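Colleague: The structure under discussion is supplied below as structure tokens; questions concerning it will follow.
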Amino acid sequence: MAPLAESFALFAPTPDAGRRCVEFFTVNIRNPHTRKAYARAASDFAAWCALRGIRDVRQVQPVHVAAYIEGLQVAAPSVKQRLAALRMLFDWLVIGQVLPVNPAASVRGPRHSVKKGKTPVLLADEARQLLDSIDVSTPIGLRDRALIALMVYTFARVGAVVKMRREDVYDQGRRSWVRLHEKGGKQHEMPCHHKLEEFLHAYIGGAGIVGDKGWLFRSALGRSGALSERPLSQSDVYRMIWRRAEDAGIQTRIGCHSFRATGITEYLRNGGRLEIAQQMAGHESARTTGLYDRRGDQVSLDEIERIVI
């Protein structure tokens, strides 16, 4: 973390302050993506301050933070994220007695309310088309079908899927279950839909990993069609999805998160309850789950077709 501390000396006017700043990113923030985003926000603010002659965090006033936020030429969600990063960092410095008060606490960010998610989703027949188009005569095909089905039927994040081990698929009460390793070290267990159960067992048997204790979804071993001992990465999955969607003739620009949104939407379309979908998705708030509900897209399309000219 030394380069990080050097990139915004504003927050390290003394050795104790510098150590406290480094601890914020190494101890307080565990998610690597959040750490990277917050470090960028702090570094950008430090650069902004340096251009205005402010080189000690103890000189920062609420008016400075407000002016920085006001001048950002980025979308409202990005502005709110940067302000949140500064608030958390300043809070950490206040607790460490580097600062007497948090200069970002009273600064208000832009109003931004999201009622509908932007993640592209597939219709049920498109999802079936994608799954049915995969050639399952090889372990790689069996793997890809099982992985996509897992994200659809359990609403799983791709980050949780690639962390799964073979023992995370297990039998309980005459049904197969999966254990997902979600953000924050949380474990989330879900029973398998009968199709998912079929696809997972076909993959596990076809890949020869029935009694294995290694990774569940593994990368390919060169061009041999066999699987290695190494796990798939998120970027591997993303590229696989693009390739499979193109082969299936699907034009929607889907990504890994599309299957989470597709599963939630179809569950709700078929009479599922939002609060149960929230539990299945592992969301803290039903409002977050509601962003994945895209049933209104089809309603809007049906209404548009009423415009007969």
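Colleague: How far is helix 295-304 tilted off the main Cα axis of the chain, in degrees rounded to 10, range 0 to 90?
Modeller: 80 degrees
Colleague: Which value results when the Cα radius of gyration for the stretch 124-304 is divided by 2.2 N^0.38 Å?
Modeller: Taking N as the residue count of the stretch 124-304, the ratio is 1.02.
Colleague: Could you list the trypsin sites (Lys or Arg not before Pro) in the stretch 1-94 that lie in coil according to DSSP, counting only those with at most 14 other Cβ atoms within 10 Å of their Cβ?
Modeller: Counting only loop positions with at most 14 other Cβ atoms within 10 Å, the trypsin sites (Lys or Arg not before Pro) in the stretch 1-94 are Arg30, Arg52, Arg55.
Colleague: Provide Rg over Rh for the stretch 108-202; use the alpha carbon set for both Rg and the Kirkwood Rh (inverse mean inverse pair distance).
Modeller: 1.06
Colleague: To continue, here is another question. Tell me the mean residue ellipticity at 222 nm calculated for the chain from its helices only (DSSP H runs of n ≥ 4, each -39500 (n - 2.57), averaged over every residue, nearest 500).
Modeller: Theoretical 222 nm ellipticity from helices: -15500 deg cm²/dmol.
Colleague: In addition: Which of Glu246, Glu182 has the fewest other C-beta atoms within 10 Å, and how do the rest follow up to the most?
Modeller: Glu246, Glu182
Colleague: A follow-up question, please. Determine the shape class of the stretch 2-95: with a ≥ b ≥ c the square roots of the Cα gyration tensor eigenvalues, call it rounded for a/c under 1.5, and otherwise prolate if a/b is greater than b/c, oblate otherwise.
Modeller: Because a/c hits 1.5 or more and a/b fails to exceed b/c, the stretch 2-95 counts as oblate.
Colleague: Rounding to the nearest 10 and keeping the result within 0 to 90°, find how far the Cα-based axis of helix 76-95 lies from the longest principal axis of the chain.
Modeller: That works out to roughly 60 degrees.
Colleague: Quick one: net charge of Ile134's neighbours, Cβ under 9 Å, K/R +1, D/E -1?
Modeller: -2
Colleague: Show log10 I(q)/I(0) for the chain at q = 0.09, 0.13 Å⁻¹, two decimals, from a solvent-free Debye sum over equal Cα scatterers.
Modeller: -0.62, -1.00
Colleague: Another question about this same structure. Using +1 on the beta carbon of Lys and Arg, -1 on that of Asp and Glu, and nothing else charged, what's the dipole of the chain about the Cα centre, debye to 20?
Modeller: 660 debye
Colleague: Could you give the angle, 0 to 90 degrees to the nearest 10, between helix 32-51's Cα long axis and the longest principal axis of the Cα atoms of the chain?
Modeller: 30 degrees
Colleague: Right, another one. Can you sort Trp48, Trp92, Trp242 from fewest to most other Cβ atoms within 10 Å of each residue's own Cβ?
Modeller: Ascending Cβ contact count within 10 Å gives the list Trp242, Trp48, Trp92.
Colleague: How many lysine pairs are close in the chain, with Cα atoms under 28 Å apart and the two 8 or more places apart or on different chains?
Modeller: For the chain, the number of qualifying lysine pairs is 29.
Colleague: Whole angstrom only: what separates the Cα centroid of the stretch 83-99 from the Cα centroid of the stretch 215-235?
Modeller: Value for the Cα centre distance between the two parts: 42 Å.
Every number in this text was worked out from the coordinates using simple rules, so none of it is lab data. Just so we're clear, the structure is a prediction, and the values are computed from it rather than from any experiment. No Cβ is skipped: glycine too gets one built from the backbone with ideal geometry, and neighbour counts run over all protein chains shown.
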